[in-house]
1. Could you list, in sequence order, all residues of the range 64-99 that are farther than 14 Å from E120 by Cα, touching an Asp or Glu at 6+ places or on another chain (Cβ under 9 Å) and surrounded by 15 or more Cβ atoms within 10 Å (Cβ to Cβ)?
2. Considering only residues that are buried (at least 24 other Cβ atoms within 10 Å of the Cβ), in contact with a Ser or Thr (Cβ under 8 Å, 6 or more places away or on another chain) and not polar (S, T, N, Q), which ones fall in the range 282-294?
3. Check whether at least one residue in the range 562-570 is β-branched (V, I, T), surrounded by 18 or more Cβ atoms within 10 Å (Cβ to Cβ) and more than 27 Å from K637 (Cβ to Cβ), and report yes or no.
4. Quick one: in the range 147-164, which of the residues that are out of contact with any Leu (no Cβ under 7 Å at 6 or more places or on another chain) and closer than 28 Å to G244 by Cα is surrounded by the fewest Cβ atoms within 10 Å (Cβ to Cβ)?
5. Of these, L537, L497, which one is assigned to a helix (DSSP H, G or I) and buried (at least 17 other Cβ atoms within 10 Å of the Cβ)?
6. Identify, by number, the condition in (1) at positive phi; (2) buried (at least 16 other Cβ atoms within 10 Å of the Cβ) that K506 doesn't meet.
7. Quick one: is P314 touching a Ser or Thr at 6+ places or on another chain (Cβ under 8 Å) and either touching a residue at least 40 places away in the same chain (Cβ under 8 Å) or hydroxyl-bearing (S, T, Y) (or both)?
8. Sort out which residues of the range 348-373 are surrounded by fewer than 19 Cβ atoms within 10 Å (Cβ to Cβ) and polar (S, T, N, Q), and write them in order of number.
Amino acid sequence: MKRKIYLQMKPLQEAREIFLNCLDYERMLTGERISTSDGLGRILAEPVFARFSSPNFHAAAMDGIALLAEDTFGTTVDQPKQFRIGKKAFWINTGQPMPEGTNAVIMVEQVNMIEEDLAEIEAAAFPWQYVRKMGEDLVATELLLPQGHRITAYDLGALIAGGIFQIPVIQRPRVVLIPTGSELIDWEGSAINTLPPGKVPEYNTLILSGLVHECGGEPVRWPIIRDKKELIREALTKAVASDGQMVIINAGSSSGSEDYSLSAMESLGEVLVHGVTIMPGKPTILGIIQGKPVIGNPGYPVSATISFEQFARPVLYKMQGILAPDRKKVPVFPARSFPSKLGQEEFLRVNLGRVGEKIIANPLPRGAGTITSLTKADGIIRIPINSEGINMEEPVQAELLGEESVLSRTVVIVGSHDNTLDLLGNFLTKHYSEFRLTSSNVGSTGGLMALKRGIAHLAGSHLLDPETGGYNITYIRRLIPEVPVKGVNLVLRQQGLILAKGNPKKITGLEDLVRKDLTFINRQAGSGTRILLDFRLKELGLDSALIHGYEEEEFTHMAVAVAVLSGRADVGLGIYAAARALDLNFIPVVQEEYDLVIPEKYWEEEKIKALLSVIRSADFQEAVKALGGYDLSLTGKVVF
C-alpha cells in the first residue's frame, strides 16, 4: 500500500489515525512459551484449556467425620445415631480425599464422642454435604483463559491448578530508545558533583523506559548520540535493523538547525506526520521504516511524555492484541480560569483535591520542560483545539493519574507561598499516611478569595494592615465577612531583600531599588509580599515606576531567589529561607506573621485535625528551624 507523507501540522486525532492505521500489527510480534511462574502481566497468545480437574478427587470441605449420607437419614435429636469410627465413619480433615463409600461430612462440632471410637450424631446429612466434588472448580479440557487475556496473580493459581505449567504468550514488544543531543551527559556509572554550563544529565529515556514497562514492553536504552547528522542516521539504521519492534529517537524532532531526526527518517523510510497540534508535544515526528514504527520524540520531558502517551502507548498495546486501558474521568472545578491558545489542544497538568462536594483542580506549571509538573500531577485536563481556555465557573473533565479515593483525603491549601508548606506536606504523610497536602500559590488575597468560593480547605496569608500593623484580620473582615474562619499561626518569618552572593551591587536597603543599575524581580499582584513592598515604598516616598523590573512577577519566594541566582535580576523581596537555600545574601526588612486561615466548617475534619497536630509536633518544628529565618513562638497557636 502506498502511503502519503504528511509534513504539515496535524490535529491529534488525525495524526493518531494516520500512524496507528499504517502498521501491520500481526507481523510485529510472535508468540513464545514461558514458565507459568513468569506469566504475571503477560498476554496469552492462544486460549488455554485445563489439563487437570480441580479438585481431581472428592475432597472434604470441613474437619469432621466422613460417612454415607443415606446412613444418617432419620436421625434427630430424639433419635440420634451412632457410628463406629473406622467402619462406617472416618475422621477427615479439610482438603483430604473422601474415603471410598462416603459422600458427606459431619462437622466435628456436631459430633458427640460416646467412646474413643464411637461417634454419635443428632442430625441427618444430605448427599455431598461439606464435600468439594471432583471438578467443582475446573473440569479437564474446559477453557481456562481466552486468547488476549492479561495474566493476573489469581490466574497464576488457576493455571497451576489446571495443570498448565507453561503458557503461550505474546512476545513483549521491544522498544529501542535513542537519546540525542550534544548537551547531554551520561550520569550512569559516573560521579557528577557539578553540572557544567549548558550540560544536562540524560533522563528522558529513563522516563520513557518506565512508560514502556507500564505498557507491557521491554525498553532498550542506547548510549547518547551527539548532534551530528551522520551519527544520528547511523544509529537509526542500526536500531531499525535490530530485533526491536519500535524505535523512539528522543529530541531532534523540531525544526532547529541541529535537529537531524527528520532528515534521517526521511532518508530511511517514510515520514507520516511532522508536527501535531498539541501542547506540549507539538514537534512530534511519526514515521515508518522497514515496517517498524519510528517516533521522533520531543526533547522536553513533558513533551516527550505526552507524545509517548498519545502515539507509542496505543501502538504498544495494539501490538499485543489489546486496547490501551482508559483512565477514569471525573468532573472537576478549576481553581481559576485557564487561558489557552486557539489551534492547539493543550494537556494541562493539575493537582486535585475534594473540597466539600467538589473536586478542585489547581494548575501546575505549564512549561514543556517542567518535569515536576509530572511528578506532582493528579490529573490532566485536555483543553480542546477550538477553545481559548476554560472558565473557573464551569466544571470540566479531568483524566485521573491515580486513585480517586485519595482526593477525599487531600488537604487543599491555596494562597501565599512559603517554604514550610513543602515540609508540612511531607510531615503530614509521615505522621498520617492516609492524608496528603497539595498547595497552589496564588498570593494571600487569592487564597482568601478561594475560601470565599469554597475551593480550598485553608489559605496561607500574611496580609499587613498598614493602619493597625496587624496581619490578615482586616482583610478577612473586608473580603470574606460571610465566611466564619479561625486563624492558626504557621510561622513568623523574615522578609527582606534577596541579593546575589557577596552583594556585588552594594545594595543597602529598599531605597536602592530605584537605582538605574539595578534590576528587580517582583511578586504577583495580590500577594502579601507585593502588598508589603508597596506599603514600604509608599512610606519611603519611592515611585514604583522608577524601579526597573517592577512589572516582572514570580509566584513563589524560591522563584524570586532563582531569578537572583541566575542573574536575571539583581534583587528581589522574599523570605530568608529562600535566600539561605540558594546561598544568597539577605537584608532583613520586616518580621511578618504567616497564618493559615481555616473556615470553621472544616475545623473538625480529621485531616485538618491531623494537619494541626503535625504543625504542633516537635519534629516538624525542628525541621522548620533548620531552614533558617523563622520564629516559631506562635506556631500552632490559634491567633484569631
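The values are calculated or read from the model by the stated rules, or taken from the named source; none is laboratory data. Just so you know, these numbers come straight off a predicted model, no measurement behind them. Here the Cβ is made from the backbone with ideal geometry for all residues, glycine too, and neighbour counts use every protein chain on show.
1. I92
2. Applying the first criterion (buried (at least 24 other Cβ atoms within 10 Å of the Cβ)) to the range 282-294 yields 283-287, 293-294.
Subset that is in contact with a Ser or Thr (Cβ under 8 Å, 6 or more places away or on another chain): 283-285.
Within the range 282-294, P283, I285 qualify.
3. If we filter the range 562-570 for residues that are β-branched (V, I, T), which is where we start, we get 562, 564.
Now drop any that are not surrounded by 18 or more Cβ atoms within 10 Å (Cβ to Cβ), which leaves 562, 564.
Now narrow it down to the ones that are more than 27 Å from K637 (Cβ to Cβ): 562, 564.
For the range 562-570, residues β-branched (V, I, T), surrounded by 18 or more Cβ atoms within 10 Å (Cβ to Cβ) and more than 27 Å from K637 (Cβ to Cβ): present.
4. Our first condition is that a residue be out of contact with any Leu (no Cβ under 7 Å at 6 or more places or on another chain); within the range 147-164, this holds for 150, 152, 154, 157, 160, 163.
Cutting the leftovers down to closer than 28 Å to G244 by Cα gives us 150, 152.
Details: R150: 17, T152: 13.
Among those residues, the one meeting the criterion is T152.
5. Values: L497 fails: assigned to a helix (DSSP H, G or I).
Of the residues listed, the single one that is assigned to a helix (DSSP H, G or I) and buried (at least 17 other Cβ atoms within 10 Å of the Cβ) is L537.
6. (2)
7. Numbers: touching a Ser or Thr at 6+ places or on another chain (Cβ under 8 Å): no; either touching a residue at least 40 places away in the same chain (Cβ under 8 Å) or hydroxyl-bearing (S, T, Y) (or both): yes.
For P314, the condition - touching a Ser or Thr at 6+ places or on another chain (Cβ under 8 Å) and either touching a residue at least 40 places away in the same chain (Cβ under 8 Å) or hydroxyl-bearing (S, T, Y) (or both) - is not met.
8. Result: T370, T372.
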